[in-house]
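Data block below; observations after.
The values are calculated or read from the model by the stated rules, or taken from the named source; none is laboratory data. Given the structure is predicted, the values throughout are model-derived calculations rather than measurements. Every residue, glycine among them, receives a Cβ derived from its backbone with ideal geometry; neighbour counts consider all protein chains shown.
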């Protein structure tokens, strides 16, 4: 009996041949269902099912014994079939869309290699690669030197920034904690990302100490109100330490005026963080980078697409290091500055740099610029066509200057200068009834019904939301590199088709 047990333990638990066969077959399913059908404009964006029905179809129960390979392949097919196809040309729902095959290859490779980016010892390629990508991005911003780290999202970037700003102002917080500090104050616009509030709660600063700065019609921070809010915080006994600016707000795509904000921060001695997790891609474009004029004056920032944090050299490590001797030994045989894990709040950190590096290698800086400019061109086209159609009402004020601009295909300057197009669709039953007492209530119900219809029919996906005193409106995101003018026209036709009888 013991001999049989020892023989069993002397053999590998995994059958590599069987596993590699399954992976090969599963990859065929992924190619067909996700990358072929999922990018085909004639296929559905989603195969909608109600939650109870979907749970049954997926057979989610985890049982005592494992399933056969053919059953597992069916699970892979089901997951692909019933998931939303974010690669589809008519997925406009989020601040991400489309597929880049080089970036996807990078993700496949990093998952297969399954390493963590905390030491040169276990991730030599990726430590050097991340450093190169960060250096290149710093040059786009206008920094000759600095530090940075890839984060798993814009929320984490904002949390890093708040922690770094607090540490710079009060380095004793790392040892003594928040109780040893005065009441602190953070300043951000009314339309900034909700992660600012989360960061304040998570780090013990308190959401009541986040002062919301008023915005103009375009959603941009009003700097006069920022100055007033700073003085208000001081009068209440709080100590200002961080101004959180946004380049590309989530809903309207607004860009806060960085130059005057930086002037205020310089006068007040405050840390300026720029959340460009959405709008930072304009830095690749010579035509549109003016939207972030003054960005080189930030202390930290998150850059679009990769959720990158930049800050002054060595501050990340001093703020976050815990000197774990089992991982960051001081007598290694290579340059220990290459062990980057101690400047992260995580221990195990996924490799994110390969995805961007491989895409950048494939298309070059010129190709990335072309993608940004193309998104703006499609946005101009969509707005021009929208303004010529009855029933579409853009959010905010549209100037006569803008109307002239779009008709001549020159620079796009309107409610948002970015690729977010926010609008109401006014169905025929509501047109001309703006003064009716129930108009706003009835209008608020239009977008949710159209959204339900498009999802259940699988024709496209686009988000909606209320904002401030505005009832539900659509937020169309023009970002996928797969888009064409035909997709813009289809979008308008489909909104009309789905909403004309409301």
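Going through segment 205-224 one residue at a time, which ones are more than 25 Å from residue 420 (Cα to Cα) and surrounded by 14 or more Cβ atoms within 10 Å (Cβ to Cβ)? If you could, list the steps in order and put the result at the bottom.
Looking only at segment 205-224, we keep the residues that are more than 25 Å from residue 420 (Cα to Cα), and these are 205-211, 224.
Correct list: 205, 206, 209, 210, 211.
Collect the residues in segment 41-71 that are within 23 Å of residue 92 (Cα to Cα) and in contact (Cβ under 8 Å) with a residue 24 or more places away in the chain, keeping them in residue-number order.
To start, the set of residues in segment 41-71 that are within 23 Å of residue 92 (Cα to Cα) comprises 41-51.
Residues satisfying the conditions are 41, 43, 44, 45, 46, 47, 48, 49.
For residue 32, work out the one condition from (1) under 30 Å from residue 354 (Cα atoms); (2) out of contact with any helix residue (DSSP H, G or I) (no Cβ under 6 Å at 6 or more places or on another chain); (3) in a loop (DSSP other than H, G, I, E, B) it doesn't fulfil.
Unmet for residue 32, out of (1) under 30 Å from residue 354 (Cα atoms); (2) out of contact with any helix residue (DSSP H, G or I) (no Cβ under 6 Å at 6 or more places or on another chain); (3) in a loop (DSSP other than H, G, I, E, B): (3).
Name every residue in segment 226-237 that is surrounded by 18 or more Cβ atoms within 10 Å (Cβ to Cβ) and more than 16 Å from residue 272 (Cα to Cα), in order of residue number.
233
Of these, 4, 73, which one is under 32 Å from the mean Cα position of the chain (by Cα), in a helix (DSSP H, G or I) and either exposed (fewer than 11 other Cβ atoms within 10 Å of the Cβ) or at pLDDT 95 or above (or both)? Talk me through it step by step, then tell me what you get.
Values: 4 fails: under 32 Å from the mean Cα position of the chain (by Cα).
Residue meeting the stated conditions: 73.
Quick one: which strands (runs of 3 or more DSSP E) sit completely within segment 231-342 and have at least 1 residues that are at pLDDT 95 or above? Let's see the steps before the verdict.
On the way: elements: 239-246, 271-276, 300-303, 308-311.
It comes to 239-246, 271-276.
For segment 458-482, name all the residues that are closer than 14 Å to residue 377 by Cβ and in contact with a strand residue (DSSP E or B) (Cβ under 9 Å, 6 or more places away or on another chain).
Hits for segment 458-482 are 478, 479, 480.
Output the residue which, of all residues in segment 458-484 that are touching a residue at least 12 places away in the same chain (Cβ under 8 Å) and over 23 Å from the mean Cα position of the chain (by Cα), is farthest from residue 47 (Cα to Cα).
That would be 470.
All but one of (1) outside any loop (DSSP other than H, G, I, E, B); (2) at pLDDT 95 or above hold for residue 182; state the number of the condition that does not hold.
(1)
In this structure, does residue 486 turn out to be more than 15 Å from residue 393 (Cα to Cα) and part of a helix (DSSP H, G or I)? It would help to see each step written out before you state the result.
Working: more than 15 Å from residue 393 (Cα to Cα): yes; part of a helix (DSSP H, G or I): yes.
Yes, satisfied.
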